[in-house]
Amino acid sequence: MCRCLVTLLSTLAAATAQAACPGPRAPVLERFIPADCTSCWAEAAPARAGWVFDWIVPSPQGDEAPLSAAATPEALARQQRATPGMRPGPALRLQASSGPAWNGYLGLEVQVRGRAPAGANAWLALVEQLPAGSEGSAAPRWLLRNVAGPLPLTGSRLLERRAMRWPEGAKPERLVARAWVEDAQGRIVAVAQERCSSAVRQIPG
């Protein structure tokens with residue numbers, strides 16, 4: 001393949017990724033799906049513009065729950081601390097990125113610059129983008145596969161790197177790095193994702 005064609009394909013891929021990225025004023029939608037509710041996962045949820053987080057919450061059934069393989073303790077913790085609604089975030093600059101997949105792991109990085117609210121924390125996650133009709137879901141999903149945090153924000157800059165293993169069943173080509181900032185009340189005030197614009201100021205839609 002000639003170099004000019006490779007460059008063109010890379011440019012088109014980057015443009016497509018940017019076009020699919022929510023804007024800086026996009027709202028956040030968190031969907032908490034019980035691991036024992038296959039109908040909740042399979043239903044055709046209405047299309048939403050903005051940042052979507054699909055959490056699989058552990059069930060009292062434990063490993064017997066149909067979706068237990070994708071459930072994470074962080075999903076339950078996030079459900080318990082999540083605060084409905086959002087508030088204007090400070091001028092923060094987030095950037096999330098990942099390195100190449102190696103031996104079941106991806107190296108993830110989050111950078112945060114700017115003044116964060118008192119008591120705010122950053123989070124870093126491997127998110128699997130599932131197109132509609134895949135894995136038994138009629139709706140597209142942004143499934144949180146592995147989560148690191150809280151990462152305290154005590155100054156005007158944070159740089160954190162983590163090696164994260166993707167769980168069995170996840171496809172590495174569909175995984176992306178995503179970072180966000182939560183205030184002390186559990187409200188998400190900023191989100192960023194690799195191959196998306198790094199300057200994000202989260203404001204209610």
**OP:** List every residue pair whose Cβ atoms lie under 8 Å apart, where the two residues are 6 or more positions apart in sequence or sit on different chains, the first residue falls within the stretch 81-94 and is within 12 Å of V181 (Cβ to Cβ) and modelled with pLDDT of 85 or more, and the second residue, located anywhere, is in a loop (DSSP other than H, G, I, E, B) and open to solvent by 70 Å² or more (accessible area, probe 1.4 Å).
**Re:** none
Original post:
Taking only pairs six or more apart or across chains, which ones have beta-carbon atoms under 6 Å, a first residue in the stretch 162-178 that is within 12 Å of G99 (Cα to Cα), and a second residue that is among the hydroxyl-bearing types (S, T, Y)?
Top reply: A163/Y105; A177/S97; A177/S98
Subject >> Output for the stretch 141-161, where each listed residue is touching a Pro at 6+ places or on another chain (Cβ under 9 Å) and free of Cβ contacts under 8 Å to residues at least 12 places away in the same chain >> reply: none
**OP:** Take the residues in the stretch 62-77 that are in a loop (DSSP other than H, G, I, E, B) and touching a helix residue (DSSP H, G or I) at 6+ places or on another chain (Cβ under 7 Å), then tell me which one is nearest to F32 (Cα to Cα).
**Re:** L67
Original post:
Could you list, in sequence order, the residues of the stretch 140-182 that are part of a strand (DSSP E or B) and of a type in the set (V, I, T)?
Top reply: V147, V176, V181
Original post:
Inside the stretch 111-168, can you point out the residues that are open to solvent by 60 Å² or more (accessible area, probe 1.4 Å) and farther than 24 Å from I33 by Cα?
Top reply: R113, R115, A118, P152, T154, S156, R157, L159, R161, R162, A163
**OP:** Just need a number here: residues in the stretch 111-131 that are without any contact (Cβ under 8 Å) to a residue 60 or more places away in the chain and not in a strand (DSSP E or B).
**Re:** 2
**OP:** Consider W51 carefully, then state whether it is surrounded by 11 or more Cβ atoms within 10 Å (Cβ to Cβ) and at pLDDT 95 or above.
**Re:** no
**OP:** Determine if the stretch 6-16 includes at least one residue that is exposed (fewer than 12 other Cβ atoms within 10 Å of the Cβ), at pLDDT 50 or above and either outside any loop (DSSP other than H, G, I, E, B) or among the basic types (K, R) (or both).
**Re:** no
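The values are calculated or read from the model by the stated rules, or taken from the named source; none is laboratory data. Quantities reported herein were computed from a predicted structural model and do not represent experimental measurements. No Cβ is skipped: glycine too gets one built from the backbone with ideal geometry, and neighbour counts run over all protein chains shown. Accessible surface is based on the protein model in full, side chains and every heavy atom, while ligands, DNA and RNA are left aside. Shrake-Rupley method; radii C 1.70, N 1.55, O 1.52, S 1.80 Å.
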